[in-house]
Amino acid sequence: MQVNPYLHYNGNCEEAFKFYEKAIGAKIGVIMHVEGSPAAEHMPPSMAKKVLHAQMTIDGEVVMASDAPPEHFEKMQGFSVCLQAEDPVEGGKRFAALAEGGTIKMPFGATFWSKGFGMCVDKFGVPWMVNSAPE
């Protein structure tokens, strides 16, 4: 069994995935749009170019997502997507990339449990934690 986060975006899923591809080296495997899918006849025309389903991997770990219809979108909260980096320098770089244009909740730095840890919300509203190996 595998546990994978499934994120719901407010109409900018594809933009977010392309950002993660550049910022942290994510590999996009699937981006399926509403238009051209069997779901199109059940969705409003405004959703045609939106993402029905997307999948990417970050260092081999799968994250899935889609665009939520506007009337169903809810702000992401109550969780964080956590990246574990063996090297604190690499962790710091990934943290800085994710935080660009977003909000830093806890700057990346040494803690009592880690050589580097930080929390941010990216410009798409996704909460992230980046943690590096313990001392």
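Bear in mind that the values in this text are calculations on the coordinates, not laboratory data. No experiment lies behind these values; they were computed from the predicted model shown. Don't worry about glycine lacking a Cβ; one is built from the backbone with ideal geometry, like all the others, and counts go over all protein chains shown.
The table below lists the values:
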| read-out | value |
| --- | --- |
| Single match in Lys50, Lys27 (criterion: over 21 Å from Gln84 (Cα atoms), in contact with a strand residue (DSSP E or B) (Cβ under 9 Å, 6 or more places away or on another chain) and of a type outside the set (A, V, I, L, M, F, W, C)) | Lys50 |
| Extreme residue, surrounded by the most Cβ atoms within 10 Å (Cβ to Cβ), among residues of the stretch 1-20 that are of a type in the set (A, V, I, L, M, F, W, C) and outside any helix (DSSP H, G or I) | Leu7 |
